[in-house]
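Scroll down for the structure; my scribbles are underneath it.
The values are calculated or read from the model by the stated rules, or taken from the named source; none is laboratory data. Everything numeric in this text was worked out from a predicted model, so none of it was measured. Virtual Cβ from ideal backbone geometry, glycine too; neighbours counted across all protein chains shown.
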C-alpha cells in the first residue's frame, strides 16, 4: 500500500504518576449503569473484534466499542446527561436513585423545569431526549458552523435549538449567563468555579460504556487491553472512562493515549506544560464533537496523572478512520463512524502507513502482541458530511 505522512504530533507525558480518582471509579460507574439499566430500551452497545484489521496493522487485537448504537441516538452522550438529570432530581425530591426510572422521576416533578446546555450536537441531543422523556423543556445552544442536520435532530426531540455566532467555549458562557437570568438548569459536561456537581455526574455517567466493555471482554474471554485511545473535547468522556480503567486494571495497563484535532488541542498543549492550557479561535475541524478549547478542570488531574501520551492530529486522520471502518476487511464488521468517533482508529491506520511507522509504533509501545481498545463515540450524525468523506473522498490522505 502507499505510504503517506499525515500530521500526527505525539508528546510523552512527563507528569505521569498513575494516581487515579475516587470520583471516577468502578464503584461510581456501576451506580450509573444501574440507573441506565432501568431505562426502556437499554442494552449494552456492541464490542467488536476487528481481527483482520489488527493483522493488517500489526497488532494482536483491535477491540472497538460501538456507541453509534446507544438508545437510537447515534452517540454515547446521553449516558452523561440523563444520569446527571436523574441524580439532580433524586436529590431535589429525596428519591432513591437505585430504584428510579424516568417514569418515577417524571411523576415526582412538581414544577416545570427547563434544562439548558451547549453542544456540538451529541450532548445536546442527549439532554433534549432526557427532557422529552421527563416531559420537561430543553434549550440547546450550538456554536457557529454547527451542521444543520445536528440542529434538526435536537429540534425533533422538542427542544429549542439556537446556533450562535461564537465558538464552543464562548457559547458555554452565553448559556450560563442566560440560564442564570431565566432560572434554567445548566447540564454541561465541563466545569468552572461554583459548577462542579452536574459535570461530575455527567462524567460518571459516561463510564457506563467502560463498565460494559470490561464485562464484554471478560465474558468473551478476551485478553485485557494493553492500550486505549481516547478522543477528547474537554476531556470529560476520556476522564470518566480512563478513571474506570485505571481503577480496574491499574495505572500501568492499559497504556492510555489521548487524541485531539490539531485545531482544538487544548489537552495536548496542557500535557506539554503540565497544567491547563486553553485554545481560542474558531477551532474549525471536522471533528465537531471535539472542537473544544478549554479542558474540563475536573477531569484534567486524572488525565495528567494517568495518560501516557497526547496526540494532536489533522482532520485527514479522522477521515481515514471513517473510511477504514466503513470499508472493512473480511470478516470484520462494517462500522459507521462519524468524524469524532473514528479518530482513534484513524490514528492506528495512519501510523501503519506513515513513512516512519516503525519509529512511531515504538514510541507508542505498539507491538504484535498489543490489544488496542478504541471507542466509536458517534455514528453518522451528519449524514451529508459522512458521505462527502466516505463516498466523495473529502480530506484525502494523498
Out of the residues in the range 191-201 that are touching a residue at least 40 places away in the same chain (Cβ under 8 Å) and either at positive phi or not in a helix (DSSP H, G or I) (or both), state the one that is nearest to the chain's Cα centre (by Cα). 191
Surrounded by fewer than 24 Cβ atoms within 10 Å (Cβ to Cβ) and part of a helix (DSSP H, G or I): is that true of residue 385 in this structure? yes
Among the numbered criteria (1) at pLDDT 95 or above; (2) over 19 Å from the mean Cα position of the chain (by Cα), which single criterion is violated by residue 352? (1)
Given the conditions (1) in a helix (DSSP H, G or I); (2) outside the structural domain of residue 31 (by TED's automatic domain parsing), report the number of the one that residue 158 does not fulfil. (1)
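Quick one: which of 113, 78 is crowded, with 17+ Cβ neighbours inside 10 Å and either at pLDDT 95 or above or under 21 Å from the mean Cα position of the chain (by Cα) (or both)?
78
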Residue 253 fails exactly one of (1) within 24 Å of residue 80 (Cβ to Cβ); (2) over 18 Å from the mean Cα position of the chain (by Cα), namely (1)
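So which residues in the range 171-190 are under 13 Å from residue 118 (Cβ atoms), touching a residue at least 24 places away in the same chain (Cβ under 8 Å) and out of contact with any strand residue (DSSP E or B) (no Cβ under 6 Å at 6 or more places or on another chain), if there are any at all? Explain how you work it out, then say what you get.
Initially, the range 171-190 is screened for residues under 13 Å from residue 118 (Cβ atoms), giving 171-179, 184, 186-190.
So of that shortlist, the ones also touching a residue at least 24 places away in the same chain (Cβ under 8 Å) come out as 171-172, 174-175, 178-179, 184, 186-190.
Correct list: 174, 178, 189, 190.
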Anything in the range 238-278 that is at positive phi and modelled with pLDDT of 95 or more? List them, or say none. 274
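Can you tell me which of 286, 276 is in contact (Cβ under 8 Å) with a residue 40 or more places away in the chain, assigned to a loop (DSSP other than H, G, I, E, B) and assigned by TED's automatic domain parsing to the domain that holds residue 229? Give the derivation first.
Numbers: 276 fails: in contact (Cβ under 8 Å) with a residue 40 or more places away in the chain.
The conditions single out 286.
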Using the structure shown, decide if residue 104 is in contact with a strand residue (DSSP E or B) (Cβ under 7 Å, 6 or more places away or on another chain) and either more than 21 Å from residue 197 (Cα to Cα) or surrounded by 16 or more Cβ atoms within 10 Å (Cβ to Cβ) (or both). no
Inside the range 28-48, can you point out the residues that are farther than 12 Å from residue 83 by Cβ and surrounded by 18 or more Cβ atoms within 10 Å (Cβ to Cβ)? 44, 45, 47, 48
One residue from 164, 200 being surrounded by 16 or more Cβ atoms within 10 Å (Cβ to Cβ) and within 15 Å of residue 288 (Cβ to Cβ): 164
Tell me the residue from 299, 281, 289 that is at pLDDT below 95 and crowded, with 24+ Cβ neighbours inside 10 Å, please. 289
Has the range 214-232 got any residue that is within 30 Å of residue 160 (Cα to Cα), assigned to a loop (DSSP other than H, G, I, E, B) and within 14 Å of the chain's Cα centre (by Cα)? yes
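Taking the stated definitions as given, is residue 366 in contact with a strand residue (DSSP E or B) (Cβ under 6 Å, 6 or more places away or on another chain), crowded, with 20+ Cβ neighbours inside 10 Å and under 18 Å from residue 259 (Cα atoms)? Explain how you work it out, then say what you get.
Working: in contact with a strand residue (DSSP E or B) (Cβ under 6 Å, 6 or more places away or on another chain): no; crowded, with 20+ Cβ neighbours inside 10 Å: yes; under 18 Å from residue 259 (Cα atoms): yes.
Answer is no for this residue.
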Please identify the pairs in which a residue from the range 137-154 that is in the same structural domain as residue 120 (by TED's automatic domain parsing) and at positive phi has its Cβ atom under 9 Å from the Cβ atom of a residue that is crowded, with 17+ Cβ neighbours inside 10 Å and assigned to a helix (DSSP H, G or I), counting only partners at least 6 apart or on another chain. 145/288
Are any residues in the range 251-273 under 24 Å from residue 212 (Cβ atoms) and in contact (Cβ under 8 Å) with a residue 40 or more places away in the chain, and if so, which ones? 251, 252, 254, 255, 256, 257, 258, 259
Can you say whether residue 118 is over 24 Å from residue 93 (Cα atoms), outside the structural domain of residue 265 (by TED's automatic domain parsing) and within 18 Å of the chain's Cα centre (by Cα), as far as the supplied structure shows? yes
If a residue has to be closer than 18 Å to residue 60 by Cα, out of contact with any helix residue (DSSP H, G or I) (no Cβ under 8 Å at 6 or more places or on another chain) and assigned to a helix (DSSP H, G or I) to count, how many in the range 306-358 make the cut? 1
Might you let me know whether the range 54-64 holds any residue that is surrounded by 24 or more Cβ atoms within 10 Å (Cβ to Cβ) and touching a helix residue (DSSP H, G or I) at 6+ places or on another chain (Cβ under 6 Å)? yes
